[in-house]
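Enquirer: First the structure, which I've put down as structure tokens, then a few questions once you've had a look.
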Amino acid sequence: MFSKISIFSLIILLGACSNDSPIKEKIKEPTENPDPDVKPDPDPNPKITIDLSKWTLTWNDEFDYDNSKLEEKWISQNSKSGGFVLSSRWRENAVVKNGILELLAKKETKGGQEWTTGNIWTKETFNYGYYECRYKYAGATGTNNSFWLWPMKGVKSGEKAIELDINEGHFPNEINTNIHNWTDKWIEDGLEKHSVNPMPFAIGGSQKKPDYSTILDNSITAKKLRFSSNNGSHFHMREFKIYAPNSLGYPTNILAESTDNTITGLTNHAKSNDVSITVSGNYNATTNSRNIADNKTSTSWISQIDGEKWIEFNWTDSKKIGAIQFVNGWKNGSQWNGMIDGYTIQYHNGTEWIDLINYSIYGDEDFSKDYHTYGVMWNKDVHEFYYDGELIRSIPNENNHANTNILLSLAVLKGGIAGPVTDVIDGTSMKVDYVRYYTPIE
């Protein structure tokens, strides 16, 4: 965002609904029931959609005008950015053309930063209602494609300054929703903290999770085993288990402490006396690779931020392996955060490395190619987040009642938050078809 970036956790699998043309409205043809006497079974998980017939379009921008008229409704950032944002942001990076607003990413030094992008916000302020934006992502990792609400001029005494992230989109297909309370802050371990409530979604992909378990169909024998990940940011590896074949099975509650002691006959080669464990790097001086295999999920090894992250196990004697389990991420209350988006596990057969497991949460969806809508219904009681008109998240409204602005922002992020930053970003753009604000019909 402007200078405040969300942290992510939990993912929900949804099917994507795409349209690659900037058409303002879609018309659905009715479908016929081939046998009117046969009633279909009720959907056990019916989709909840936004019914715009109950809403009045109160404000909108279709960007169907000349670029010179953008200032009639919008204000542009013209300065460097702070926080996790690597790009300064300028009016010339916000271009209206052919009915589309493009927020352009350029590799150029300006404002003391090596990238430039665009960030605009409305002159008008808004309150309760339904907000929707239809856009494409910039087609490169490292970019944050944002549609969000924030009170640019502050709030009145007694009100809370709430950042409502309708979507901080990360290429290729990640949606990130969040609510920040920037008024109520506190100090924890010498650092200033504030309330956040993130929830990301990988549309068309798989669910991020803290626990992974693979039971091999056929056991392998090896002296070397390697875990690697190109996860954009650093991550916590809380525990890594490499089990010998066991006729009585393997742990099912991987998140529990001391799982090595739960089933008779378990042998965890990650803790063998002849094992050496090497890693790609450490997040800081206090990070300890021994935490990878101490039979405790309360401790962890934390990888370095940049580059490929890997853990390698080497044994003096060959080990027969029947199952591999690991726990990653960190926990805030009951919520897991910072989980990896993919990994590879290989073993060495004495001559070369052989892929054993390849996993990625991402499917084939590419939100830089297709337009999608992102929305939030906000009233005094609740925030409801929508993707292509379907409800994906609902959270009570505890303190968000102040007037706010609408923002459209493209940023290049450091720290691997949105994936690796590369020269592929140069020349890409976040393309906005429309922004609409509705109020309920009384």
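The values are calculated or read from the model by the stated rules, or taken from the named source; none is laboratory data. Because the structure is a prediction, the values reported are computed rather than measured. All Cβ positions, glycine included, derive from the backbone under ideal geometry; neighbour counts span all protein chains shown.
Enquirer: State yes or no: is LYS414 at pLDDT 95 or above and not hydrophobic (A, V, I, L, M, F, W, C)?
Expert: no
Enquirer: If you go through segment 424-442 one residue at a time, how many are part of a strand (DSSP E or B), surrounded by fewer than 19 Cβ atoms within 10 Å (Cβ to Cβ) and acidic (Asp, Glu)?
Expert: Within segment 424-442, residues that are part of a strand (DSSP E or B), surrounded by fewer than 19 Cβ atoms within 10 Å (Cβ to Cβ) and acidic (Asp, Glu) number 0.
Enquirer: In addition: Among the residues in segment 298-311, are any surrounded by 17 or more Cβ atoms within 10 Å (Cβ to Cβ), touching an Asp or Glu at 6+ places or on another chain (Cβ under 6 Å) and either more than 23 Å from ASP217 (Cα to Cα) or in the same structural domain as ASN218 (by TED's automatic domain parsing) (or both)?
Expert: Looking for residues that are surrounded by 17 or more Cβ atoms within 10 Å (Cβ to Cβ), touching an Asp or Glu at 6+ places or on another chain (Cβ under 6 Å) and either more than 23 Å from ASP217 (Cα to Cα) or in the same structural domain as ASN218 (by TED's automatic domain parsing) (or both), one finds none in segment 298-311, hence no.
Enquirer: Then there's this: Of all the residues that make up segment 144-175, how many are basic (Lys, Arg) and under 27 Å from THR116 (Cβ atoms)?
Expert: Pass one, segment 144-175, residues basic (Lys, Arg): 153, 156, 160.
Keeping just the survivors that are under 27 Å from THR116 (Cβ atoms) gives 153.
Count: 1.
Enquirer: Checking VAL421 against (1) among the β-branched types (Val, Ile, Thr); (2) crowded, with 17+ Cβ neighbours inside 10 Å; (3) closer than 30 Å to GLU62 by Cα; (4) over 15 Å from the mean Cα position of the chain (by Cα), only one condition comes out false. Which one?
Expert: So the condition that VAL421 fails would be (3).
Enquirer: Can you pull out the residues in segment 382-391 that are in contact with an Asp or Glu (Cβ under 9 Å, 6 or more places away or on another chain) and of a type in the set (A, V, I, L, M, F, W, C)?
Expert: LEU391
Enquirer: Among the candidates TYR347, TYR374, single out the residue that is assigned by TED's automatic domain parsing to the domain that holds SER394 and either in a strand (DSSP E or B) or over 20 Å from ASP294 (Cβ atoms) (or both).
Expert: TYR374
Enquirer: Looking at ILE187, ILE120, ILE175, can you tell me which residue is under 30 Å from SER206 (Cα atoms), assigned by TED's automatic domain parsing to the domain that holds ASP426 and either of a type outside the set (S, T, N, Q) or in contact with a Lys or Arg (Cβ under 9 Å, 6 or more places away or on another chain) (or both)?
Expert: Selected residue: ILE175, the only one of ILE187, ILE120, ILE175 that is under 30 Å from SER206 (Cα atoms), assigned by TED's automatic domain parsing to the domain that holds ASP426 and either of a type outside the set (S, T, N, Q) or in contact with a Lys or Arg (Cβ under 9 Å, 6 or more places away or on another chain) (or both).
Enquirer: If you take the residues in segment 350-371 that are in contact with a Phe, Trp or Tyr (Cβ under 7 Å, 6 or more places away or on another chain) and assigned to a loop (DSSP other than H, G, I, E, B), which one is surrounded by the fewest Cβ atoms within 10 Å (Cβ to Cβ)?
Expert: Among those that are in contact with a Phe, Trp or Tyr (Cβ under 7 Å, 6 or more places away or on another chain) and assigned to a loop (DSSP other than H, G, I, E, B), it is SER368.
Yes or no, residue by residue, for (1) at pLDDT 95 or above; (2) among the aromatic types (Phe, Trp, Tyr); (3) more than 30 Å from VAL432 (Cβ to Cβ):
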position: THR286; (1), (2), (3): no, no, yes
position: PHE313; (1), (2), (3): yes, yes, yes
position: ILE354; (1), (2), (3): yes, no, yes
position: PHE385; (1), (2), (3): yes, yes, no
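Enquirer: Report, by residue number, each residue of segment 217-259 that is small (Gly, Ala, Ser), assigned to a loop (DSSP other than H, G, I, E, B) and under 29 Å from the mean Cα position of the chain (by Cα). Walk me through it before giving the result.
Expert: Taking segment 217-259 first, the residues small (Gly, Ala, Ser) are 219, 222, 228-229, 232-233, 244, 247, 249, 256, 258.
Restricting the remaining residues to those that are assigned to a loop (DSSP other than H, G, I, E, B) gives 232-233, 244, 247, 249, 256, 258.
Matches in segment 217-259: GLY232, SER233, ALA256.
Enquirer: If you check GLU398 against the conditions, is it part of a loop (DSSP other than H, G, I, E, B), more than 13 Å from LEU164 (Cα to Cα) and more than 18 Å from the chain's Cα centre (by Cα)? Lay out the reasoning, then the answer.
Expert: Numbers: part of a loop (DSSP other than H, G, I, E, B): yes; more than 13 Å from LEU164 (Cα to Cα): no; more than 18 Å from the chain's Cα centre (by Cα): yes.
No: the conditions fail for GLU398.
Enquirer: Can TRP378 be described as surrounded by fewer than 16 Cβ atoms within 10 Å (Cβ to Cβ) and touching a residue at least 12 places away in the same chain (Cβ under 8 Å)?
Expert: Details: surrounded by fewer than 16 Cβ atoms within 10 Å (Cβ to Cβ): no; touching a residue at least 12 places away in the same chain (Cβ under 8 Å): yes.
It is false that TRP378 is surrounded by fewer than 16 Cβ atoms within 10 Å (Cβ to Cβ) and touching a residue at least 12 places away in the same chain (Cβ under 8 Å).
Enquirer: Related question: Restricting to strands (runs of 3 or more DSSP E) lying wholly in segment 56-172: which have 1 or more residues that are surrounded by fewer than 18 Cβ atoms within 10 Å (Cβ to Cβ)?
Expert: The qualifying strands (runs of 3 or more DSSP E) are 74-76, 94-97.
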